[in-house]
Ligand code: FES
């Protein structure tokens, strides 16, 4: 049974005419699958490769070039919480914030809480230096964070 639904396949196929070569669709296809399934399993890699007429190793190479994607045996939580540890954030308590989040959630960066709600990550500058220390909650900035604000945020996210 295929891992990619008919809907995902159709979306990938619709991307193909928008790019000069099928290979160029690899990254958007990976994002599409990752956003939908919260992971890109080995079977998904094979199916993406089939759709794009590539060898699975080409898709795998692209995927693993970026530390962004969760692969076989890994799964993103409902919310991906990135804590910035870039220079501005580091100088304003970013490292301490990461420590705090790890303790609060009982996981290390790169891991997902047992309830599947939150994946904690660190980031290198998320473009919000004027609001350091900053976080990304999926794609949304949260700025001038403190341990107290992070606690509130985590409570909110756990209730979603
Ligand atoms: S260093 Fe953290 S947002 Fe730029």
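The values are calculated or read from the model by the stated rules, or taken from the named source; none is laboratory data. Remember, it's a predicted structure, so these values are computed and weren't measured experimentally. With ideal geometry, Cβ positions are generated from the backbone for all residues, glycine too; neighbour counts draw on all protein chains shown.
Numbers at a glance
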read-out	value
Failed condition for residue 141, given (1) out of contact with any helix residue (DSSP H, G or I) (no Cβ under 8 Å at 6 or more places or on another chain); (2) within 25 Å of residue 31 (Cβ to Cβ); (3) outside the structural domain of residue 36 (by TED's automatic domain parsing); (4) surrounded by fewer than 17 Cβ atoms within 10 Å (Cβ to Cβ)	(1)
Residues satisfying the stated conditions in region 43-74, i.e. surrounded by 15 or more Cβ atoms within 10 Å (Cβ to Cβ) and in a loop (DSSP other than H, G, I, E, B)	54, 69, 70, 71, 74
Single condition residue 160 does not satisfy, out of (1) more than 16 Å from the ligand (Cβ to nearest atom); (2) without any contact (Cβ under 8 Å) to a residue 60 or more places away in the chain; (3) over 16 Å from the mean Cα position of the chain (by Cα)	(2)
Any chance residue 96 is within 27 Å of residue 134 (Cα to Cα), surrounded by fewer than 20 Cβ atoms within 10 Å (Cβ to Cβ) and outside the structural domain of residue 118 (by TED's automatic domain parsing)	no
Number of the exception - residue 132 against (1) free of Cβ contacts under 8 Å to residues at least 60 places away in the same chain; (2) out of contact with any helix residue (DSSP H, G or I) (no Cβ under 9 Å at 6 or more places or on another chain); (3) surrounded by 13 or more Cβ atoms within 10 Å (Cβ to Cβ)	(2)
Residue within region 44-65 that is more than 17 Å from the chain's Cα centre (by Cα) and on the phi > 0 side of the Ramachandran plot present	yes
Index of the failed condition, residue 19 passing every other in (1) touching a residue at least 24 places away in the same chain (Cβ under 8 Å); (2) surrounded by 14 or more Cβ atoms within 10 Å (Cβ to Cβ)	(1)
Residue within region 84-91 that is within 16 Å of the ligand (Cβ to nearest atom), in a strand (DSSP E or B) and in contact with a strand residue (DSSP E or B) (Cβ under 6 Å, 6 or more places away or on another chain) present	yes
Residue that is nearest to the ligand (Cβ to nearest atom), among those in region 100-141 that are more than 18 Å from the chain's Cα centre (by Cα) and closer than 14 Å to residue 154 by Cα	100
